[in-house]
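The values are calculated or read from the model by the stated rules, or taken from the named source; none is laboratory data. Just so it is clear, the structure is predicted and the values come from calculations on it, not from any experiment. Cβ coordinates were reconstructed from backbone atoms using ideal geometry, including for glycine residues, and neighbour counts include every protein chain displayed. Just the protein is used for accessible areas: all its heavy atoms, side chains included, with ligands, DNA and RNA removed. Shrake-Rupley method; radii C 1.70, N 1.55, O 1.52, S 1.80 Å.
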Amino acid sequence: MYLVDAADRERFAESKKELDGLLSDDSLSTVPFLILGNKIDIPIAVEELRYFLGLSNYTTGKGKVNLGDTDRRPIEVFMCSIVRKMGYGDGFKWLSQYIK
């Protein structure tokens with residue numbers, strides 16, 4: 001799980017650099033990645049966050065996606081609000097389908 005402050009656009013470059021480092025780590029090559037964009041109450045589109053993190057064409061989908069015949073790792077972005085306790089439950093449910 002990777003948590004990003006979706007309201008702090010000034011730190012998107014730093015967040016992208018850290019995420020890129022994790023995604024390129026060979027020891028994590030098969031690990032599913034749940035990216036949570038915190039502060040859903042601030043108007044930001046999930047597509048904008050995907051764009052700034054370089055994930056526009058890289059995410060695998062929010063439903064039950066069968067990746068068994070591919071070498072792609074599950075990776076998806078969910079918007080959430082930690083304060084309002086919303087959104088992250090859907091992300092955890094999504095992630096749980098890939099944990100063995």
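Computed over protein heavy atoms with a 1.4 Å probe, the carbon and sulfur contribution to the accessible area of the chain reaches 52%. Build a GNM of the chain with springs between Cα atoms under 10 Å apart, and of 33, 52, 78 the one that fluctuates most is 52.
The stretch between residue 20 and residue 58 holds 12.5 nm of extra length on full extension. This uses 0.36 nm per residue minus the Cα-Cα distance.
The helix-based estimate of mean residue ellipticity at 222 nm for the chain, built from -39,500 (n - 2.57) per DSSP H run of four or more residues and divided by its residue count, is -8000 deg cm²/dmol to the nearest 500. Dipole of the chain, Cα-centred, from +1 at each Lys and Arg C-beta and -1 at each Asp and Glu C-beta, to the nearest 20 debye? The dipole magnitude comes to about 380 debye.
Accessible-area rank, largest first, for 31, 46, 83, 77: 83, 31, 46, 77, with all protein chains present and a 1.4 angstrom probe. Length available on full extension from residue 72 to residue 5: 0.36 nm per residue minus the Cα-Cα distance, which gives 21.5 nm.
The simple spin-label model puts a point 7 Å past each Cα toward its Cβ; for residue 93 and residue 48 those points are separated by 2.7 nm. Exposure check, 1.4 Å probe, all protein chains in place: residue 28 carries approximately 40 Å² of accessible surface. Have a look at 11, 84, 50 and tell me which one the Gaussian network model of the chain (Cα, springs below 10 Å) gives the largest fluctuation. Sorting by GNM fluctuation, first place goes to 84.
Over the chain, accessible surface divided per residue gives 63 Å², non-protein components excluded, 1.4 Å probe. On a 0 to 90 degree scale, rounded to 10, what angle separates helix 12-23 from the longest Cα axis of the chain? Here the helix axis deviates by roughly 20 degrees.
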